[in-house]
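Read the structure below first, then the notes.
The values are calculated or read from the model by the stated rules, or taken from the named source; none is laboratory data. Keep in mind the model is a prediction, meaning the values are calculated, not measured. Cβ atoms come from the backbone with ideal geometry, glycine included; neighbour counts cover every protein chain shown.
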Amino acid sequence: MNLNSKVTFADTVFAQEVDGEMVLLDMNSENYFGLDAVGTDIWQAMQERETLQEVLEALLEQYEVEEDVLKKDLLTFVEKLQESGLVEVQKI
């Protein structure tokens, strides 16, 4: 996975924002996932942007953090979503 990848959300995942945080339900596994405020911002940015590079750029405008740190955190977050079956990652 790299920043030129596109994230596709699984059709079986329903997301709802509750009190500023995202709650995800995977209908296949019937598991709930809760995202904190930062995770919610990443989730929403992935819905609005084409590539992870664009997500990174949007988040850099939003947070005061070094790019390398944010890049590592973003890729780790997406990897965990992928491992849980919530998203698919495709190279563009």
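Which is surrounded by 15 or more Cβ atoms within 10 Å (Cβ to Cβ) and without any contact (Cβ under 8 Å) to a residue 60 or more places away in the chain, of A37, A15?
A15
Residues K71, K6: which one is part of a strand (DSSP E or B) and basic (K, R)? Walk me through how you get there before you give the answer.
On the way: K71 fails: part of a strand (DSSP E or B).
Of K71, K6, the one residue that is part of a strand (DSSP E or B) and basic (K, R) is K6.
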| field | Pair list, Cβ < 8 Å and 6+ apart or interchain, from the stretch 79-92 residues that are in contact (Cβ under 8 Å) with a residue 60 or more places away in the chain to residues that are in a helix (DSSP H, G or I) | value | V87/M46; V87/V78; V87/L81; E88/Q82; V89/V78; V89/Q82
| query | L56 fails exactly one of the following numbered conditions: (1) surrounded by 15 or more Cβ atoms within 10 Å (Cβ to Cβ); (2) more than 14 Å from the chain's Cα centre (by Cα); (3) farther than 13 Å from L81 by Cβ. What is the number of that condition? | reply | (2)
| remark: Flagged in the stretch 9-32 as in contact with a strand residue (DSSP E or B) (Cβ under 8 Å, 6 or more places away or on another chain), assigned to a loop (DSSP other than H, G, I, E, B) and of a type outside the set (A, V, I, L, M), in numbering order, are T12
| task | Among the residues of the stretch 43-65, write down those that are aliphatic (A, V, I, L, M), touching a strand residue (DSSP E or B) at 6+ places or on another chain (Cβ under 9 Å) and closer than 20 Å to E21 by Cβ. | result | M46, V55
| task | Check the stretch 62-84 and report whether any residue there is at pLDDT 95 or above and touching a Ser or Thr at 6+ places or on another chain (Cβ under 7 Å). | result | no
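Considering every residue within the stretch 33-47, establish whether at least one is aromatic (F, W, Y), outside any helix (DSSP H, G or I) and within 18 Å of E88 (Cβ to Cβ).
Step one: filter the stretch 33-47 for residues aromatic (F, W, Y), giving 33, 43.
If we keep only those that are outside any helix (DSSP H, G or I) as well, we get 33.
With the extra rule that they be within 18 Å of E88 (Cβ to Cβ), the set shrinks to 33.
Yes, some residue in the stretch 33-47 is aromatic (F, W, Y), outside any helix (DSSP H, G or I) and within 18 Å of E88 (Cβ to Cβ).
Starting from residues that are among the polar types (S, T, N, Q) and in a helix (DSSP H, G or I), keep the ones in the stretch 48-68 and report whichever is farthest from V13 (Cα to Cα). Reasoning before the result, please.
The first filter runs over the stretch 48-68 and keeps only residues among the polar types (S, T, N, Q), leaving 51, 53, 62.
Filter again for in a helix (DSSP H, G or I), leaving 53, 62.
Working: Q53: 23, Q62: 26 Å.
Within the stretch 48-68, the match that is farthest from V13 (Cα to Cα) is Q62.
Conditions (1) closer than 20 Å to N2 by Cβ; (2) of a type in the set (K, R); (3) surrounded by 15 or more Cβ atoms within 10 Å (Cβ to Cβ), marked per residue:
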position	(1), (2), (3)
S29	no, no, no
L74	yes, no, yes
E79	yes, no, no
Q82	yes, no, yes
